[in-house]
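Every read-out reported here was derived from the displayed coordinates using simple, explicitly stated rules and does not represent laboratory data. Nothing here was measured: the structure is a model prediction, and the numbers come from that model. Glycine gets a Cβ as well: all are built from the backbone with ideal geometry, and neighbour counts include every protein chain shown.
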Amino acid sequence: MSLRVIAGTARGKKLKSVPGDTTRPVMDRVKEALFNILASDVIDSKWWDLFGGTGAIGIEALSRGAAFVRFSDLNRAPVETIKENVENCGFIKQSEIRKGDAFSMLSAQADRQFEYIYIAPPQYHEMWVKALKLADENIGWLTDDGTVIVQIDPTEYQEIELKHLEETEQRKYGSTLVIFYDRVN
């Protein structure tokens, strides 16, 4: 499957895949549907692509007018892949790429706020639950109108009790479930 940027200033640019099978690239139709839902809200927004992988989601956001994306991933191969993809698409200035543990980063004191935190971790380890709970506990990472977006396999879904976030929407695309959690003030 070839990865590419769907729309915006980097439309049609091919994205390099992460070597091996440690990441699962987001399908074009899921990416397209996600950005159709968000529409013009993407413009000037700040994102954190938490389990960055190839960087496809963050790069798509930048291509569609996002102001800034922080990409993070635990492993060297995805971090190198993100760097290459960001560079290839011309988004170095609007990007920050960090190698590190998502849970440690989310647990740290917030150094900036994001309109969107995108959580698409390795599947079937309940990592999304841990990440979502940490984002909820450390709500300073999100702007007042911020949203956490989770991408998982539908079989992984469970209702989670949260203090500062509430589930507002779910969209299912084949074996992909996208869930939106909005900040409650």
Exercise for the section: Check each of the GluC sites (Glu not before Pro) in segment 135-165 and keep only those in coil by DSSP with at most 15 other C-beta atoms within 10 angstrom; list them in order. Expected result: Glu159, Glu161
Completion exercise
Excluding residues fewer than 8 positions from Lys14 in its own chain, the aspartates and glutamates with Cα under 15 Å of it are Asp28, Glu60, Glu84, Glu87
Practice task
Note down the net charge around Ile43, summing +1 for each Lys or Arg and -1 for each Asp or Glu among other residues with Cβ under 15 Å from its Cβ.
Solution key: -3
Problem - In segment 81-175, chymotrypsin sites (Phe, Trp or Tyr not before Pro) in a DSSP loop with at most 13 other beta-carbon atoms within 10 Å - result: Tyr124
Problem - Value of [θ]222 nm, deg cm²/dmol, for the chain, DSSP H segments ≥ 4, -39500 (n - 2.57) each, nearest 500 - result: -8000 deg cm²/dmol
Exercise for the section: Mind running the shape call on segment 38-107? Use the C-alpha gyration tensor, a ≥ b ≥ c as the square roots of the eigenvalues: rounded below 1.5 for a/c, prolate if a/b tops b/c, oblate otherwise. Expected result: oblate
Problem - Förster radius 22 Å - calculated FRET efficiency between Glu84 and Asn138, Cβ distance, rounded to 0.05 - result: 0.15
Completion exercise
Quick calc: nm separation of the 7 Å Cα→Cβ label points for Ser175 and Lys99 -> 3.0
Completion exercise
Here, Arg4 and Glu32, labelled 7 Å along Cα→Cβ, have an inter-label distance in nm of 1.1
Handout entry: Sites matching trypsin sites (Lys or Arg not before Pro) across segment 92-123 that sit in DSSP coil, with at most 12 neighbouring C-beta atoms within 10 Å
Key = Arg112
Handout entry: Between 0 and 90°, nearest 10: helix 28-38 axis offset from the chain longest Cα axis
Key = 60
Handout entry: Environment charge of Asp111, counting only residues whose C-beta is closer than 13 Å and scoring Lys/Arg +1, Asp/Glu -1
Key = +3
